[in-house]
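No value in this document is a laboratory result; all are computed from the given coordinates. Because the structure is predicted, anything quoted here is derived from the model rather than measured. All Cβ positions, glycine included, derive from the backbone under ideal geometry; neighbour counts span all protein chains shown.
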Amino acid sequence: MLQLFFLGGVEDFIIHLAARDSDHVRDFVMEHLSAHPAVSSTRTSIVFSHHQNPVNLQE
């Protein structure tokens with residue numbers, strides 16, 4: 001897990017996860033999320049490409 005975001009709205013959390021492949025994503029979800037009694041459902045999205053805009057907030 002790289003980052004965890006606590007949200008207001010429809011979703012409660014977003015977990016930013018780095019994994020080798022989709023099997024490892026599935027294993028993480030099944031072992032650490034779905035197995036927990038407080039988790040009623042999960043939804044998984046996969047990022048295929050990422051572009052970052054470098055912003056200098058000092059100016």
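Within region 5-59, being loosely packed, with under 10 Cβ neighbours inside 10 Å and polar (S, T, N, Q) holds for Ser40, Ser41, Ser45, Ser49, Gln52, Asn53, Asn56, Gln58. Looking only at region 34-59, which residues are touching a residue at least 12 places away in the same chain (Cβ under 8 Å) and within 15 Å of Met1 (Cβ to Cβ)? Selection gives Thr42, Thr44.
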